[in-house]
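The values are calculated or read from the model by the stated rules, or taken from the named source; none is laboratory data. Keep in mind it's a predicted model, so treat the numbers as computed, not measured. For neighbour counting, all protein chains shown are included, and Cβ atoms are generated from backbone atoms with ideal geometry for every residue, glycine included. Each accessible area value is taken on the protein alone, full model and side chains, heavy atoms only, with ligands, DNA and RNA left out. Shrake-Rupley method; radii C 1.70, N 1.55, O 1.52, S 1.80 Å.
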Amino acid sequence: GDAAILESSLRIPYRFFETVLPPLPAALQGRMNVIDHVRDMAAAGLHSNVRLLSSLLLTMSNNNPELFSPSQKYQLLVYHADSLFHDKEYRNAVSKYTMALQQKKALSKTSKVRPSTGNSASTPQSQCLPSEIEVKYKMAECYTMLKQDKDAIAILDGIPSRQRTPKINMMLANLYKKAGQERPSVTSYKEVLRQCPLALDAILGLLSLSVKGAEVASMTMNVIQTVPNLDWLSVWIKAYAFVHTGDNSRAINTICSLEKKSLLRDNVDLLGSLADLYFRAGDNKNSVLKFEQAQMLDPYLIKGMDVYGYLLAREGRLEDVENLGCRLFNISDQHAEPWVVSGCHSFYSKRYSRALYLGAKAIQLNSNSVQALLLKGAALRNMGRVQEAIIHFREAIRLAPCRLDCYEGLIECYLASNSIREAMVMANNVYKTLGANAQTLTLLATVCLEDPVTQEKAKTLLDKALTQRPDYIKAVVKKAELLSREQKYEDGIALLRNALANQSDCVLHRILGDFLVAVNEYQEAMDQYSIALSLDPNDQKSLEGMQKMEKEESPTDATQEEDVDDMEGSGEEGDLEGSDSEAAQWADQEQWFGMQ
């Protein structure tokens, strides 16, 4: 009796387990077959386990076709392909996805699913087959990773329009855009926006394809009016519409107005866009400042750091460039930016072969990297492979038709190969396309300076450029070059002093030093060379200018001149001829080094 009472007191109602303990997994309830196990492991992210088990099960199925039903084999193939995709074995994954689709096609033709013989009956869960649309999307992803964009487009094009999800339309839009098929790209981007009106990258895609900002804004008007705190979106669209039409000044002003709003202050993406716009407008100082500000807010920032590294390298800050490259490699070596930054360090260290390799590696990681194309093009040009360089600059222009530095690189190639006519045609096209601003005027003047017939036109263009922007360094440099040809050194000195009043630039200080030497102002010239070298210790021309002056002023030279006078008086000409020969040898070597 006591035992019965104790037993009854230990009994716990079943409802207690229902409320306190979670339900038992299906595996422990005995309702799962092996395919369900594979599916659950795939959902849990156990990709290596899925790969091993599905491989064994597929071999079993091949040896005994009756072991699994067609639907189960389809599932096995999909899950196996997914595990291969996760391991980045894209070609193998495509093969398995293709087999899965063939199995699905055979399955759809079979009205009655054959029961499996080696497993328990299929549950309703096992009949939830992987989506055929999702399989095709994964195949397209594999093709893009394999650089087979045509195959990716073909597989996605085969999906009926009504069945395309936003991510399928987004991938199609990007692929069409890359292939130069603008109309279907616009259609796909619009479809993304119809389904997801806050898809900002799709908005940028439309703006980059010359769709009017007002039309794009109209597609988001409903969500702006119904969702709170989105009043900034119309201004954001307006700003990037200016960006993609090349109106840098209005784009800068509009983004600045956004960035000043308290809710969007210190946004890294807006700061990065501002930095890039200042760079495009030729305002390198403000560009560097904005990049530094963005980098302080986000130490792991990668986007735009290739341009930042290029600007630092141009300023001669090679140690900073090297540190930036190391930091970016620590963040990720699977992006183009770290390779471009390291390439800029090599290029400005005159290691062109290494710069070429690093640029090629960056392009391999991201074929749309404009900065990588410019780096590789510049390296090829400096190595004398001008025709190959031209191909890269043209591709950069295709990707970024509003970036002037792409056209500058191509025009420099034309000038290097004495194709002045092609350079003039290109410069005129840029002038007409991007408008008459200080940068396009200077670019056109640069080409005009190469032809003696168009010297006066070059002078007029440079004067217009400097009227618009008196501090534009490239215009100042070209005007100084023109004044040097005309030997108007005093005018050149005045021009350079005026340009240096509000900024400090290595090239301007060096040219000012050259002009001061021409008017016998040696001490001040030495000061200017020193300032130039303090800004860029690797500036070879400033170093040569300073060394030349030091040789002229050295007392040893003065003593040698007196000795020469004595020798001339005494008629000892044999040693003098030897001195001339030695001097000629050094002059030849100096000329050779200057050509490198």
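Measuring with a 1.4 Å probe in the full set of protein chains, what accessible area per residue, in whole Å², belongs to the range 387-499?
Details: 5370 Å² over 113 residues.
Per residue, the range 387-499 has an accessible area of 48 Å².
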Using the beta-carbon distance between S332 and S353 and R0 = 22 Å, what value does 1/(1 + (r/R0)^6) give for FRET efficiency, to the nearest 0.05?
0.30
At a 1.4 Å probe, what is the % contribution of carbon and sulfur to the accessible area of the range 150-204?
52
Compute the convex hull volume of the Cα atoms of the range 470-551, divide it by the residue count, and report the result per residue in Å³ as a whole number.
84
Label-point gap, in nm, between D451 and K488 - each point 7 angstrom along Cα→Cβ
2.2
Pair D151, T59: separation of 7 Å Cα→Cβ label points (nm)
2.6
Cα extents of the range 283-378 along the three principal axes, largest first, in whole Å?
33, 26, 21
Which of the peptides 245-258, 402-415, 154-167 is most tightly packed, and how do the rest follow, going by the mean number of other Cβ atoms within 10 Å of each residue?
402-415, 245-258, 154-167
Assign unit charges at the C-beta atoms only (+1 for Lys and Arg, -1 for Asp and Glu), then state the dipole size of the range 310-375 relative to its Cα centre in Debye, rounded to the nearest 20.
220
Could you compute Rg(Cα) / (2.2 N^0.38 Å) for the range 389-453, with N its residue count?
1.02
Between the range 222-246 and the range 378-435, what is the C-alpha centre distance in whole Å?
34
Within the range 245-278, list the residues whose amide N lies under 16 Å from a label point set 7 Å along Cα→Cβ of M296.
265-269, 271-272, 275
Listed residues S367, A436, C413: farthest to the positive end of the dipole of the range 359-490 (Cβ charges):
S367
On the accessible surface of the range 470-551, probed at 1.4 Å, how many percent belong to carbon and sulfur atoms?
47
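When the dipole is taken about the Cα centre of the range 440-516, and only Lys, Arg (+1) and Asp, Glu (-1) are charged at their Cβ, what size is it in debye, to the nearest 20?
Details: 11 positive and 11 negative charges, 35 e Å.
Once rounded to the nearest 20, the dipole reads 160 debye.
With +1 on each Lys and Arg Cβ and -1 on each Asp and Glu Cβ, how big is the dipole of the range 470-551 about its Cα centre, in debye rounded to the nearest 20? Walk me through the numbers before you get to the answer.
Values: 10 positive and 14 negative charges, 48 e Å.
The calculation lands at about 220 debye.
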